[in-house]
Amino acid sequence: MRLLSSMLILAVATHALGAQQPAAPTLQRVPEIAVSAVGETEVTPDRARVSIGVQTQAPTAADAASRNATLQQAVINAIMALGIPAERISTQGYNVYPEQTYDNTTRRSRITGYNVQNTVVVDVWKVEQVGAVLDAALSKGANLVSSLAFYSSQEDVARRRALQNAVARARADAEAMAAAAGGRLGELLELTSGISYAPPPRPMMEMARAAAAPAATPISEGTQTLNAQVSARWRFVPGT
């Protein structure tokens, strides 16, 4: 009986001690303002990459390849004569494929010749030379212009300007939101960025007509818009 009483007293004492322990503190979420913004800046391209090719046809693959090599070397020499070094001219693709025709008598296809395509990419560091490069290449036997892309050597500088514009816009939006909510911005909690580059489209049909023109080929690089996106979070300080 005495043992049972001692156990009951111990259980009651333990329960009482547990009841006296303070409750765990409740974490309160700090109010925040989160915004995303886009900054833009325009850049004028000062360089270009153009793909120029030579396509030849002959009864045999060897003859087509030999003729192609002669013409393509003449094209490269003409481009280099404009002051463009060999390290800025690289082979993009080389293809050999047969020409076939269907014989209704034998009901079979037969090879009538071979085509060879050799395409090089020329990195033009003076954008005003693009037209001259095309004219020189076409005059020496090039008959394919598959792409023309403009870019800026100052892209990093323009990208940072776009980021600055995006951050400034994000902060202005956040300050307006904080003021409308009756408070102000506190410390910056997070800032992240993303980047996208959107050059204007250049239709291939326009490029083909320009390349085929007998006069000097006119080329306009236009301008390109660089977009930068940022996301930011600030602590919101309520008004007093």
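The values are calculated or read from the model by the stated rules, or taken from the named source; none is laboratory data. As the structure is a computational prediction, the values presented were derived from the model and not from experiment. Because the Cβ atoms are built from the backbone with ideal geometry, glycine has one as well, and the counts that use them run over all protein chains shown.
Scan segment 123-157 for residues that are polar (S, T, N, Q) and under 19 Å from residue 75 (Cβ atoms) and jot them down.
Within segment 123-157, 129, 139, 143, 146, 147 meet the criteria.
Consider residue 113 carefully, then state whether it is surrounded by 15 or more Cβ atoms within 10 Å (Cβ to Cβ) and in contact (Cβ under 8 Å) with a residue 60 or more places away in the chain. I'd like the intermediate steps shown before the answer.
Details: surrounded by 15 or more Cβ atoms within 10 Å (Cβ to Cβ): yes; in contact (Cβ under 8 Å) with a residue 60 or more places away in the chain: no.
Considered against the rule, which asks whether it is surrounded by 15 or more Cβ atoms within 10 Å (Cβ to Cβ) and in contact (Cβ under 8 Å) with a residue 60 or more places away in the chain, residue 113 comes out as no.
Residues of segment 43-82 that are without any contact (Cβ under 8 Å) to a residue 40 or more places away in the chain and either in contact with a helix residue (DSSP H, G or I) (Cβ under 6 Å, 6 or more places away or on another chain) or of a type in the set (Gly, Ala, Ser) (or both): 62, 66.
Out of all the residues in segment 129-146, which are under 10 Å from residue 48 (Cβ atoms) and of a type in the set (S, T, N, Q)? The one that is under 10 Å from residue 48 (Cβ atoms) and of a type in the set (S, T, N, Q): 129. The criterion of at least 3 residues that are within 32 Å of the chain's Cα centre (by Cα) and at pLDDT 95 or above is met, among strands (runs of 3 or more DSSP E) falling completely within segment 84-201, by 89-103, 108-124, 183-198. If a residue must be surrounded by 13 or more Cβ atoms within 10 Å (Cβ to Cβ) and more than 15 Å from residue 138 (Cβ to Cβ), how many such residues does segment 71-86 contain? The qualifying residues number 3. Among residues of segment 141-165 that are over 26 Å from residue 192 (Cα atoms), those with a beta-carbon under 9 Å from a residue that is part of a strand (DSSP E or B) and modelled with pLDDT under 90 at least six positions away or on a different chain give the pairs 150/224. Residues that are of a type in the set (Val, Ile, Thr), modelled with pLDDT under 90 and under 30 Å from residue 174 (Cα atoms) within segment 205-240 comprise 225, 240, listed in sequence order.
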